[in-house]
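The values are calculated or read from the model by the stated rules, or taken from the named source; none is laboratory data. Quick caveat, the model's predicted, so the values are computed rather than measured. For neighbour counting, all protein chains shown are included, and Cβ atoms are generated from backbone atoms with ideal geometry for every residue, glycine included.
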Amino acid sequence: MSVGGILLRIVNEAIRFLQFGASAIILGVFSYFLAVLTDHDKPIARWVKAVEGISGAATFYTICGCVLTLCIGGVSFFAGIAFVLDICFIGGMIAIAIMTREGTQSCVGDVKTPLGDGPYDQKPIGYGDGGFGIGSGKHATYYPTLGFACRLEKTAFAVSIIGAFLFLVSIFFQVLLARHHKREKRIGPSPRNNYTYGSSGRFWRRNKAAPPATDAGDALPSHPTPSDVKAQDSYGYGNSAYGTRNY
């Protein structure tokens with residue numbers, strides 16, 4: 001593979017890692033929300049489950065993308081699938097940003113969060129009566145203040161905007177990588193690239209015309225002209241298709 005192809009794969013791989021980080025942060029935040037709500041027997045809004053599902057799918061997709069970019073990055077069929085999925089996850093990240101729009105609020109005063117609404121500094125429920133442990137009224141997950149829950153939602157909102165931008169950028173690099181792969185297949189191995197696929201790396205060089213042959217012994221005989229034929233006939237002999245003719 002040429003230097004350009006290697007650089008394209010490295011950049012695409014870096015973008016996939018950033019996408020994975022953004023998706024994993026949202027997944028982690030809302031997994032915590034779900035754990036707290038479930039453990040404390042609180043109602044769970046449908047949009048919270050939707051954010052969890054979209055971020056989980058994006059995390060799984062980006063993990064696969066990190067692995068497959070190194071192995072089959074640029075192959076037209078898989079690049080086409082990645083192109084479509086990137087568009088889908090742009091929409092998914094925008095949907096998460098819309099559903100977590102309460103994250104744009106200031107986390108002081110009365111706040112609205114996935115864990116409930118109320119004053120930001122209300123006393124946290126914590127682990128329940130008697131703190132963490134085993135017994136009646138005690139839970140395994142810590143129920144924080146609503147101000148802390150608001151800050152977590154704000155983080156998810158900001159990361160979803162970044163994630164949408166990253167998926168948009170990856171579409172551009174998927175197209176570049178697919179075109180580069182197709183160009184390498186078309187060029188194929190040759191003396192110019194040391195019998196490896198792709199260009200030789202010096203794309204500014206133009207093909208030079210082959211130098212004229214200098215060895216006269218290798219040159220083909222020239223075609224006879226009418227004057228040569230006339231000169232032969234003046235001596236009284238010549239060659240015909242039926243043999244040698246003497247006059």
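Of Arg151, Arg183, all but one fail to be of a type in the set (D, E, K, R), modelled with pLDDT of 90 or more and not in a strand (DSSP E or B); the exception is Arg151.
Mind telling me which of the residues Phe60, Phe33, Phe89 ends up being farther than 25 Å from Ile125 by Cα, crowded, with 17+ Cβ neighbours inside 10 Å, of a type in the set (A, V, I, L, M, F, W, C) and modelled with pLDDT of 90 or more? Don't jump to the end; show me each part of the working.
Values: Phe60 fails: crowded, with 17+ Cβ neighbours inside 10 Å; Phe33 fails: farther than 25 Å from Ile125 by Cα.
Residue meeting the stated conditions: Phe89.
Report yes if some residue within the stretch 66-81 is modelled with pLDDT of 90 or more and of a type in the set (Ser, Thr, Tyr); otherwise report no. No - not one qualifying residue is present in the stretch 66-81.
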